[in-house]
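Q: Input: one structure, supplied below.
The values are calculated or read from the model by the stated rules, or taken from the named source; none is laboratory data. What you are looking at is a predicted structure, and each value in this text was computed from that prediction instead of being measured. In this analysis, Cβ positions are derived from the backbone assuming ideal geometry, glycine residues included, and neighbour counts consider all displayed protein chains.
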Amino acid sequence: MAQMEVKVVEYGFSEENESYYVTYRVKNLDLESLKKLKDRLQDPVVIICDELFLTVYFEERFYPFKSEEAQINPEDFRAREELEMTAYLLGLLED
């Protein structure tokens, strides 16, 4: 498998769900890994053209982009979120 790539593609507040969210795009997964993640993830998942889109909802106090620091340097927070999600997904694939 090519190296999995995780990117934050959108984040904010969802009026519909009344909570904060982060949507991640996961690329470079083989079909077996896509299926495994779709089956194991509890958050909403959509697969479009072999890319997995995962939306994670947060309570306000846990939302990573709410802090003042995140407002000042959002790129650092986005990169950290991408690394943390990559580690989490790799863990799910290892089981």
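Q: Can you pull out the residues in the stretch 31-44 that are touching a residue at least 12 places away in the same chain (Cβ under 8 Å) and either in a loop (DSSP other than H, G, I, E, B) or of a type in the set (Val, Ile, Thr) (or both)?
A: Within the stretch 31-44, LEU41, ASP43 qualify.
Q: Just to be sure I understand, how many residues within the stretch 56-78 are farther than 11 Å from VAL8 by Cβ and either within 15 Å of the chain's Cα centre (by Cα) or in a strand (DSSP E or B) (or both)?
A: Of the residues in that region, 4 qualify.
Q: While we're looking at this one, here's another question. Does GLU68 count as without any contact (Cβ under 8 Å) to a residue 12 or more places away in the chain and not hydrophobic (A, V, I, L, M, F, W, C)?
A: Yes.
A quick yes/no check of all residues on (1) modelled with pLDDT of 95 or more; (2) in contact with a Pro (Cβ under 9 Å, 6 or more places away or on another chain):
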site: THR55; (1), (2): yes, yes
site: PHE58; (1), (2): no, yes
site: ARG61; (1), (2): no, no
site: PRO64; (1), (2): no, no
site: ASN73; (1), (2): no, no
site: PHE77; (1), (2): no, yes
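Q: Mind checking whether some residue in the stretch 79-95 is buried (at least 16 other Cβ atoms within 10 Å of the Cβ), over 11 Å from the mean Cα position of the chain (by Cα) and either at pLDDT below 90 or not in a helix (DSSP H, G or I) (or both)?
A: no
Q: Shifting gears a bit: For the stretch 27-59, which positions are among the aliphatic types (A, V, I, L, M) and exposed (fewer than 13 other Cβ atoms within 10 Å of the Cβ)?
A: Passing the criteria: LEU31, VAL46, ILE48.
Q: Hey, does the stretch 6-21 have a residue that's over 23 Å from PRO74 (Cβ atoms), in a strand (DSSP E or B) and of a type in the set (A, V, I, L, M)?
A: Taking every residue of the stretch 6-21 in turn, none turns out to be over 23 Å from PRO74 (Cβ atoms), in a strand (DSSP E or B) and of a type in the set (A, V, I, L, M).
Q: Also: Do any residues in the stretch 4-30 that are aromatic (Phe, Trp, Tyr) have Cβ atoms under 7 Å from those of residues that are not in a strand (DSSP E or B), where the two are at least six apart or on different chains, and which pairs are they?
A: TYR11/PHE65; TYR20/GLU60; TYR20/TYR63; TYR20/LYS66; TYR24/MET85
Q: Is it the case, given these coordinates, that LEU37 is over 13 Å from VAL8 (Cα atoms) and aliphatic (A, V, I, L, M)?
A: Spelling it out, LEU37 is indeed over 13 Å from VAL8 (Cα atoms) and aliphatic (A, V, I, L, M).
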